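A short worksheet on the structure shown next.
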Amino acid sequence: MTTTKLESRTGGLAVLTSKDLDRREATGLLPPTVLADTAMLHVSYTADPPCLHVIGEVDLSNLDMFAECLDTAIRAGSGDLSLDLALLSFISVGGLRSCLRAARTLNDRQRQLIVRALDRSSRKVLALLDDERLLASGEPTRFQHWEGAAGDQ
């Protein structure tokens, strides 16, 4: 029996058999594609629904890698893109600017960037950087919107 290790959303490892993978494929629940995996940053992409899951820290040392992961996710899908930051422990201003560049690219294609679970202080910095109002903090717009972190309301 063949087994495959997959990184789960919580960062733990799950061991799945090939039968489990066949069942997931049949139901459309495919495992995430790992785009980056370093000591400080783990980024994976799920196609259905399109979502980029970011775990760890985004700083100057891995900023280019993070930006490339965003670009890859944008190219991979045709609809809106969710950015799941629930397990992100730090994001630099450069990382926030990369998010805005991704939002602008999606906006130009009539798509949305949906930011999920960004911490309150980073949301405030992002709101200051977002002079084009690509990300709306209130009601959803045709362009982008937020979904806040749990307990952060």
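Laid out as a table, the results:
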{"quantity": "Residues located in the range 77-94, provided they are surrounded by 15 or more Cβ atoms within 10 Å (Cβ to Cβ) and closer than 25 Å to Gln110 by Cβ", "calculated": "Gly77, Asp80, Leu81, Ser82, Leu83, Asp84, Leu85"}
{"quantity": "Count - residues of the range 31-51 that are in a loop (DSSP other than H, G, I, E, B) and touching a Phe, Trp or Tyr at 6+ places or on another chain (Cβ under 8 Å)", "calculated": "1"}
{"quantity": "Any hit, the range 83-106, residues being within 12 Å of the chain's Cα centre (by Cα), of a type in the set (Val, Ile, Thr) and at negative phi", "calculated": "no"}
{"quantity": "Residues being more than 21 Å from Gly77 (Cα to Cα), aliphatic (A, V, I, L, M) and free of Cβ contacts under 8 Å to residues at least 24 places away in the same chain - total across the range 29-65", "calculated": "2"}
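Bear in mind these aren't lab numbers, they're just calculated from the coordinates by the rules spelled out. Everything numeric here is computed off the predicted structure, so don't read it as measured data. Neighbour counts are summed over all protein chains in view; Cβ atoms, including those assigned to glycine, are modelled from backbone coordinates with ideal geometry.
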